[in-house]
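Novice: Take this structure first; my questions come after.
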Amino acid sequence: MNQYANPNLTQRQQVEASLEAIELRMAAVDEMMEDANAATDTALDYVTAQVVAQHVSILNGSKIQLEQERQRLANIIAVWDAA
């Protein structure tokens, strides 16, 4: 069965590529969160520190969404592997 977005890839290839993309995004979010947390330690202005902390909170929400999608894709692969 082919994924209609790219008929040259099988559905499994598409899901595996999607999973890889999600995992790369999660690593990038982790890196941004580390950088932002370090910035709060060096921020000279209270308001700046608050803005950076809000940014970290937004990134954390993004990471939660990415983790949910990672789990969904991993579950699809697990079902295929069990068949």
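Novice: Identify the single condition in (1) open to solvent by less than 50 Å² (accessible area, probe 1.4 Å); (2) of a type outside the set (G, A, S); (3) in contact (Cβ under 8 Å) with a residue 60 or more places away in the chain that W80 does not satisfy, given that it satisfies every other one.
Specialist: W80 satisfies all of (1) open to solvent by less than 50 Å² (accessible area, probe 1.4 Å); (2) of a type outside the set (G, A, S); (3) in contact (Cβ under 8 Å) with a residue 60 or more places away in the chain except (1).
Novice: Here is a further query. With the requirement that a residue be small (G, A, S) and either in contact with a Ser or Thr (Cβ under 9 Å, 6 or more places away or on another chain) or closer than 14 Å to D30 by Cβ (or both), what does segment 62-83 give you?
Specialist: Passing the criteria: only S62.
Novice: Could I ask something else about it? Return yes when L59 is assigned to a helix (DSSP H, G or I) and free of Cβ contacts under 8 Å to residues at least 40 places away in the same chain and no when it is not.
Specialist: yes
Novice: What about V56, is it within 8 Å of the chain's Cα centre (by Cα) and open to solvent by less than 50 Å² (accessible area, probe 1.4 Å)?
Specialist: Taking the combined requirement at face value, the residue does not satisfy it.
Novice: Please enumerate the residues belonging to segment 1-16 that are loosely packed, with under 11 Cβ neighbours inside 10 Å, at pLDDT 60 or above and farther than 18 Å from E69 by Cβ.
Specialist: Hits for segment 1-16 are P7, N8.
The values are calculated or read from the model by the stated rules, or taken from the named source; none is laboratory data. The structure presented is a predicted model; accordingly, all values stated were derived computationally and were not measured. Backbone-built Cβ (ideal geometry, glycine too); neighbour counts: all protein chains shown. The protein model used for the area step is the full one, side chains on, heavy atoms only, and it has no ligands, DNA or RNA in it. Shrake-Rupley method; radii C 1.70, N 1.55, O 1.52, S 1.80 Å.
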